[in-house]
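Colleague: Supplied in structure tokens, the structure appears directly below.
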Protein chains: 2
Amino acid sequence: MTALKPSWVASANSADTPFPLNNLPYGVFSTDGTSPRCGVAIGDLVLDLAAMEGDGLLDCNGALQTGSWNAFMAQGKDAWARLRAQLTAMLAEGSADQSRLTGYLVPLAQAKLHMPISVTEYTDFYAGRNHAFNVGSMFRGPENALPPNWLHIPIGYNGRASSVVVSGTPVVRPNGQIKGANEDVPRFGPSQRFDLELEMGAIVGQPSSGQITVAEAFDNIFGYVLLNDWSARDIQAWEYQPLGPFQAKATATTISPWIVTAAALEPFRTSTPEREKPLLDYLAEPGPMLYDIALEVAIAPAGKGETIISRTNYREMYYSAAQQLAHHTTSGCPMRVGDLLGSGTISGPTKESRGSLLELSWGGKEPLTLNTGETRTFIEDGDTLTLRGVAKGDGYQIGFGDCAGQLVAARPLRT
Amino acid sequence: MTALKPSWVASANSADTPFPLNNLPYGVFSTDGTSPRCGVAIGDLVLDLAAMEGDGLLDCNGALQTGSWNAFMAQGKDAWARLRAQLTAMLAEGSADQSRLTGYLVPLAQAKLHMPISVTEYTDFYAGRNHAFNVGSMFRGPENALPPNWLHIPIGYNGRASSVVVSGTPVVRPNGQIKGANEDVPRFGPSQRFDLELEMGAIVGQPSSGQITVAEAFDNIFGYVLLNDWSARDIQAWEYQPLGPFQAKATATTISPWIVTAAALEPFRTSTPEREKPLLDYLAEPGPMLYDIALEVAIAPAGKGETIISRTNYREMYYSAAQQLAHHTTSGCPMRVGDLLGSGTISGPTKESRGSLLELSWGGKEPLTLNTGETRTFIEDGDTLTLRGVAKGDGYQIGFGDCAGQLVAARPLRT
């Protein structure tokens, strides 16, 4: 395990900062009166890369001027490595660049964070073994919990890119068609079983046409974000047969503001679990392609303190993002820069490590008691849900920034 | 029913041309050495609107210079009406503009046609009553053919925008995970049950955030294309539970090259069929929002003549595109300019009017005999599938141009 890389930015050398020099996550920020610009987080500051490129201190062919990381990602692995090496050198303890960089540093507390990428298309997977087992158990009983294909295919479906928002964006409780178990006909109204899903999002940084291998897929992933795949369970239950979730998953998907690059996560690579059934060759991993990232979910009622309701780890996934991306291309499906792949809900084996309220409250039957004394089965108006993740190194950690959203009341129905 | 509008372009006055003055469909074309440019089809010619705007004969704020109709669509209904009125006047019999327009006309035979829009996101529906009944009958028996939600919801799922291609683009037979009924484990190989789906595509021309009504949805639809939702039935059968079709539908979706505007189709509006169960208010149509468009499917083995294998009509749909779009927004899902909505397979009530080979060959059990004497259950390498559609007026017709694609052999497997 690598150690902390010291920086002349003092706050980047703390064991608690999510943004040491080892991390260098990319985001898009603005301050009062400025337009969104590319930046990198370091300690409690953000370095204005757009301004640096504008002044000739960096040269990414103008990609840093676009208010999104898509153009830079499109430049490919050599460009990715070059910028990371440059920034690492410039921000390292003892760097001769300190004096000329100081003017480009902005306190994170003053920065408004925007979507780091323009999401081209969004795919969501269902690749957490425990989550699939829990959900399957609730609906079909434990003996039939896993669908027959589950141990062979990284099951996925296409989501809605237009609904992806950055952390901090309020989420409006959706209306939808709902039919209760004891109702004869559906009605149209607000979801009563609105839920979170704790996921990681992988960002495709290079295009492909035709099938690619797992190794190629791994190389094409630029980085990772935390991802909350908000889900209306009651809308989903009525709509999802036979073609899958649609409006139940289209209200919002929240991502964390900082893209943690695959390069930064390199020391934390870990293997997917032992296979219960042999995988087909095209899904075989040539090396460890998951990451050891500790994850947690917090819920805070409006104006009140939070309760951590789940602690789990990204290594619980049965399929890696590289396997998912490789599978995504089998039919010839073209992948593009900015495609976002949700991992699927990440639940651990214990009750306390489940990644959704559906599982935590076992379908609403076992309410959770919060620190405030209130109980929850699903999300209530005013609740803020926050996902956090850290990869823990030797005396340092790599974080993503909070992935948070507050649920606000449903809008009036329109007919 | 309106009559033919005469044009000084002689070929536009034929009762057989798909492109009379009444139509004015928008496309993107190039000729040798030119980049893709916006144009409108008139008779057997295409009018170079990009060049006309460049020379000051039209002014759409540069939207016609972008090689796509997205920027123009974003300008909204007034701009749509203005350009259509201008072109109608300029191309009408007796117009004073004839002499200065002649230089902007290019024979269609010399034009290469490109994607008319950049597809932002692609959604596919399952809204044909006969298709859903046929497919359901094959898998669950006629008594359980329609899922319980089908008569209440325009069932849809998100497709893959990156796979949408323009007519004429070859389609590569997909590889995928397949498990035969008598096989214990899946294998990875070429689909053996590759199929077409005859659909119409509706193009969203105005953005929305939050729920919109059916009337608003109707107004937001810019126009229509023919759409072939190529489908690998064997891949789909193994992958689609529980989250719907994924790689089975991601190989390609072919659209016709010309966008026929809602304005051109106005005389052909017709109502959705009588409801078997009352719809929820938010799905009620304030007027006829389907269209009477005669459709056909032809298949031609490599180097041989074609056989028409299906004749049906867009009015067979149970839900209109306006209803589908309105439903799409119920959860708050933002819609954007360039979103494409597939209608779902359009099958009529008779065997000869089924819109897929799955239905025409009844799951492969009843092979079709072609004019060549060959038989087909599913598509074979080298076959070209062509969709055609016309709305029939009084002495004229409105066409879309062929929506065609040839299937080529699968690529080698990669592991």
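Colleague: Over the range B:122-408, what is the mean sequence separation of C-alpha contacts under 8 Å (at least six apart), divided by residue count, expressed as relative contact order in percent?
Modeller: 27
Colleague: Next up: Taking only Cα atoms and a 10 Å spring cutoff, compute GNM fluctuations for chain A and point out the largest among A:Q86, A:Q211, A:Q192.
Modeller: Greatest mean-square fluctuation among the candidates belongs to A:Q86.
Colleague: Just subtract the alpha-carbon distance of A:Q192 and A:T102 from 0.36 nm times their residue separation and send over the number in nm, one decimal.
Modeller: Working: separation 90, 0.36 × 90 = 32.40 nm, distance 5.01 nm.
Contour length minus Cα-Cα distance gives 27.4 nm.
Colleague: With a point put 7 Å past each Cα toward its Cβ, work out how far A:E216 is from B:E93 in nm, to one decimal.
Modeller: Spacing of the two 7 Å Cα→Cβ label points: 5.8 nm.
Colleague: For a quick check, take a GNM of chain A with Cα springs below 10 Å and name the residue from A:N70, A:N158, A:N134 with the largest mean-square fluctuation.
Modeller: Answer for the Gaussian network model of chain A: A:N158.
Colleague: A further question follows. Looking only at other chains, what is the average number of their beta-carbon atoms within 10 angstrom of each beta-carbon in B:187-198?
Modeller: 1
Colleague: Here's another thing I want to ask about it. Taking R0 as 35 Å, what FRET efficiency do you get between B:K277 and B:K351 from their Cβ-Cβ distance, rounded to the nearest 0.05?
Modeller: Approximately 0.85, to the nearest 0.05.
Colleague: Using alpha carbons only, what's the Rg to Rh ratio of the range A:10-114 with Rh from Kirkwood?
Modeller: Expressed as Rg/Rh, it is 0.93.
Colleague: Of B:G159, B:P267, B:A63, which is farthest towards the positive pole of chain B's charge dipole, taken about the Cα centre with +1 and -1 on the beta-carbons of Lys, Arg and Asp, Glu respectively?
Modeller: Positive-most Cα among the choices belongs to B:G159.
Colleague: Would you mind computing, in nm to one decimal, how far apart the modelled labels at A:E366 and B:T372 are, each placed 7 Å from Cα along Cα→Cβ?
Modeller: In this crude spin-label approximation the distance works out to 6.2 nm.
Colleague: In addition: Please sort by residue number the trypsin sites (Lys or Arg not before Pro) in the range B:329-408 whose DSSP state is loop and whose Cβ has at most 13 other Cβ atoms within 10 Å.
Modeller: B:K365
Colleague: Quick one: if you stick a label point 7 Å off each Cα along the C-beta vector at A:A79 and B:M138, how many nm between them?
Modeller: 4.5
Colleague: Taking each residue of B:106-113 in turn, how many C-beta atoms of other protein chains fall within 10 Å of its C-beta, and what is the average?
Modeller: Partner Cβ neighbours, averaged per residue: 0.
Colleague: Going by how many other beta carbons lie within 10 Å of each one, how would you line up A:F268, A:F400, fewest first?
Modeller: A:F268, A:F400
Colleague: Using DSSP to define loop residues, name the GluC sites (Glu not before Pro) in the range B:269-323 whose beta-carbon has at most 14 other beta-carbon atoms within 10 Å.
Modeller: Sparse-neighbourhood loop GluC sites (Glu not before Pro): B:E274, B:E276.
Colleague: Given 0.36 nm per residue, what is the gain on full extension from B:D16 to B:D292 after removing their alpha carbon distance, in nm?
Modeller: Gain on extension, B:D16 to B:D292, equals 97.6 nm.
Colleague: Which order do peptides A:178-187, B:378-387 fall in by mean Cβ count within 10 Å, highest first?
Modeller: Order by mean packing, descending: B:378-387, A:178-187.
Colleague: While we're here: For a footprinting-style exposure proxy, rank B:F188, B:F19 by other Cβ within 10 Å, fewest first.
Modeller: Ascending Cβ contact count within 10 Å gives the list B:F188, B:F19.
Colleague: So, in Å, what gap is there between the alpha-carbon centers of the range B:372-415 and the range A:88-163?
Modeller: Measuring centre to centre over Cα atoms gives 39 Å.
Colleague: Here's another thing I want to ask about it. Provide the packing ranking of B:327-333, A:261-267, B:255-261, A:401-407, i.e. peptides ordered by the mean count of other C-beta atoms within 10 Å per residue, highest first.
Modeller: B:255-261, B:327-333, A:401-407, A:261-267
Colleague: To continue, here is another question. Sort B:I221, A:I308, A:I42 so that the residue with the fewest other Cβ atoms within 10 Å of its own Cβ comes first and the one with the most comes last.
Modeller: A:I308, B:I221, A:I42
Colleague: Which percent, to the nearest 5, of DSSP beta bridges fully inside chain A are antiparallel?
Modeller: Working: 65 of 74 bridges.
Approximately 90 percent, going by the DSSP bridge assignments.
Colleague: On to the next question. Ratio of the protein assembly as shown's C-alpha Rg to 2.2 N^0.38 Å, to two decimals?
Modeller: 0.97
Colleague: Under unit Cβ charges (Lys, Arg +1; Asp, Glu -1), what dipole magnitude, rounded to 20 debye, does the range B:122-408 have relative to its Cα centre?
Modeller: 280
Colleague: Ok, one more. Hey, which of these cross-link pairs are over 21 Å Cα-Cα: A:K179/A:K365; B:K5/B:K392; A:K77/A:K392?
Modeller: Working: A:K179/A:K365 19 Å; B:K5/B:K392 14 Å; A:K77/A:K392 25 Å.
From A:K179/A:K365; B:K5/B:K392; A:K77/A:K392, over 21 Å: A:K77/A:K392.
Colleague: R0 = 45 Å: FRET efficiency of A:V185 with A:S118, Cβ-based, nearest 0.05?
Modeller: Working from the Cβ atoms, E equals 0.65.
Colleague: In percent, what relative contact order does the range A:234-301 have, based on Cα pairs under 8 Å that are 6 or more apart in sequence?
Modeller: Rounded, it is 24 percent for the range A:234-301.
Colleague: Of B:L21, B:I235, B:G168, which is farthest along the charge dipole of chain B in the positive direction, counting Lys and Arg as +1 and Asp and Glu as -1 at C-beta?
Modeller: The Cα lying farthest towards the positive end belongs to B:I235.
Colleague: So if I place +1 on the C-beta of Lys and Arg and -1 on the C-beta of Asp and Glu, and nothing else carries charge, what would the dipole magnitude of the range B:10-114 be about its Cα centre? I want it in debye, nearest 20. Before the final figure, lay out each step's value.
Modeller: On the way: 6 positive and 10 negative charges, 48 e Å.
Computed charge dipole of the range B:10-114: roughly 220 debye.
FYI, it's all coordinate maths here, none of it is from the lab. Small disclaimer: the values here were computed from a predicted structure and weren't measured. FYI the Cβ positions are ideal-geometry reconstructions off the backbone, even for glycines, and counts take in every protein chain you see.
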